[in-house]
Amino acid sequence: MAPSGSRSIKRGCQRVLYWIPVLFIALIVAWSYYAYVLQLCIVVYLLAYHVIFIMFVWAYWQTIFTRPMNPLKEFHLAHSDKELLEREDRGESQQEILRRIAKDLPIYTRTNSGAIRFCDRCQLLKPDRCHHCSVCDECILKMDHHCPWVNNCVGFSNYKFFMLFLAYSLLYCLFITATDLQYFIKFWLNGLPDTQAKFHILFLFFSASMFSVSLASLFIYHCWLVCKNRSTLEAVRAPVFRHGTDKNGFSLGFSKNFRQVFGDEVKYWPVPLFSSSGDGCSFPTCLVNLDPEQPSSPSGSNPATEGRQFPSKPLRESQSRLLSSTPSWSESDGAADKDKKGASNPGMTIENEA
């Protein structure tokens, strides 16, 4: 009883500590609002400031409190399959069981050794681009990373919100820096009245300009990831398909890559409302040959969907359009085939990726 109680206390303390970065950002934002609205008090700028501030806080809220999506029940092992898997002590037999279960699911990525990606903690077959988060202790669809500044996993369900959070927070800091610059110069030239407000103006400029630099680099990096249709994890370690490693395996060209994150309707792009394409469990690919033993696809057909068997839950209409439309490999990822390697021998062990 004591060890179990100590573990629960430790887990509770960790959950409290995880909220410290979020509280730090909240305090910084609250102080910046006080310093800008009540101390700087530039009436002409207040309308634009509040529009940016509201969009920034809205996107930040959505990123924090939107729960990451987990794999559908089709990817979880049935009770009979769990018992069968537990009885087998050989990796080869276990892989045969997993391959039998995976044949009716849209799973095309593998482990580095070529084995079926299986999570022994969640007892499920990992969908493409899904990873197990050690902090959340669950598998996250299209996991990008676990962000301590939002105390949440950034994945399929909230990646659009995370991108808007970066965009509006950068715009927020740049707006404050630009409008506060003239008063910052007056501060050094002793042109401001000797009041408490001038110290807020000084630190407001420093904090906004400092955050602008770090946010700009992070925002540019994630814009590049969106253009390439990669997650942060996939940028570090390229996904492995049956034919081998392919860093551009999910890239369909800039336009389709962008629509996968922000959706098809332009009016929803700048708004922190969910509009991403797909279901998070399956993704169209630009691979010409999913299996090295399969013949080349005839020209004009969509090789990413040939021979593909989907689970009983149909894809959303937006993803079906991405799958059925002619793939624009020449838009930005024409070199994808050059990166393909020869097929590797499939491994016979179950690997759990962190």
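The values are calculated or read from the model by the stated rules, or taken from the named source; none is laboratory data. On a predicted model such as this, the values are computed, not experimentally measured, just so you know. Here the Cβ is made from the backbone with ideal geometry for all residues, glycine too, and neighbour counts use every protein chain on show. Note: areas computed on protein heavy atoms with side chains; ligands, DNA, RNA excluded. Shrake-Rupley method; radii C 1.70, N 1.55, O 1.52, S 1.80 Å.
Put +1 on the Cβ of every Lys and Arg and -1 on every Asp and Glu Cβ in region 67-173; which of Ala167, Leu141, Thr109 then has its Cα farthest towards the positive end of the dipole? Positive-end residue among those listed: Ala167. For a paramagnetic label modelled on Trp61 (point 7 Å from Cα along Cα→Cβ), amide N atoms under 15 Å away belong, within region 9-33, to 26, 30. Give the carbon-plus-sulfur fraction of the accessible surface of region 7-67 in %, rounded to a whole number; probe 1.4 Å, heavy atoms of protein chains only. The value for region 7-67 is 77 percent carbon and sulfur by accessible area.
Karplus-based coupling profile of region 73-81, in residue order and whole Hz: 5, 4, 8, 7, 6, 5, 4, 5, 5, with θ = phi - 60° in 6.51 cos²θ - 1.76 cosθ + 1.60 and x standing for Gly or Pro.
Subtracting the Cα-Cα distance of Val51 and Met210 from their residue separation scaled by 0.36 nm leaves 55.0 nm. Net length available on complete extension from Tyr34 to Ser255 is 75.5 nm, with 0.36 nm assigned per residue and the Cα-Cα distance removed. Surface composition of region 73-126: carbon plus sulfur atoms hold 44% of the accessible area, using a 1.4 angstrom probe and ignoring ligands, DNA and RNA.
Rounded to the nearest 20 debye, the dipole magnitude of region 73-126 is 260 debye, with +1 charges on Lys and Arg beta carbons, -1 on Asp and Glu beta carbons, and the Cα centre as origin. Taken along the Cα-to-beta-carbon direction at a fixed 7 Å, the label points for Asn190 and Glu86 span 8.1 nm.
Accessible area ranking (1.4 Å probe, heavy atoms, ligands and nucleic acids excluded), largest first, for Leu27, Leu105, Leu181, Leu46: Leu27, Leu181, Leu46, Leu105.
Rounded to the nearest 20 debye, the dipole size of region 99-232 about its Cα centre is 700 debye, using +1 on the Cβ of Lys and Arg and -1 on the Cβ of Asp and Glu.
3J(HN,Hα) couplings calculated from phi for region 111-124 with the Karplus curve 6.51 cos²θ - 1.76 cosθ + 1.60 (θ = phi - 60°) are, in sequence order, 6, 4, 8, x, 7, 5, 7, 10, 9, 6, 7, 8, 6, 8 Hz; Gly and Pro show x.
Taking 1 over the mean of 1/r across every pair of different Cα atoms in region 100-175, what Kirkwood radius in Å do you get?
Numbers: mean 1/r = 0.0703 Å⁻¹.
One decimal place: 14.2 Å for the Kirkwood radius.
Annotation: per residue accessible area for region 73-126 equals 50 Å², rounded to a whole number [probe 1.4 Å, protein chains only]. Length available on full extension from Lys103 to Leu17: 0.36 nm per residue minus the Cα-Cα distance, which gives 26.7 nm.
For region 73-126, count the residues as N, evaluate 2.2 N^0.38 Å, and divide the Cα radius of gyration by that value, please.
On the way: Rg = 10.4 Å, N = 54, 2.2 N^0.38 = 10.0 Å.
It is 1.04.
Rounded to the nearest 0.05, the FRET efficiency derived from the C-beta distance between Asn112 and Ala178 at R0 = 51 Å is 0.60. Residues in region 27-39 carry Karplus couplings, in order, of 5, 4, 5, 4, 5, 4, 5, 4, 5, 7, 7, 8, 9 Hz; the curve used is 6.51 cos²θ - 1.76 cosθ + 1.60 with θ = phi - 60°, and Gly or Pro positions show x. Of the whole protein surface, Arg99 contributes about 70 Å² of accessible area at a 1.4 Å probe radius. Assuming 0.890 mPa s and 25 °C, estimate D for region 33-173 with Stokes-Einstein, Rh taken as the Kirkwood radius over Cα pairs, in µm²/s. It diffuses with D of about 137 µm²/s by this estimate.
How big is the Rg/Rh ratio for region 121-250, C-alpha atoms only, Rh by Kirkwood, two decimals? If you can, show how the numbers build up before the last one.
On the way: Rg = 20.8 Å, Rh = 17.5 Å.
That ratio is 1.18, to two decimals.
When His145, His132 are compared by accessible area at a 1.4 angstrom probe, the order from most to least is His145, His132.
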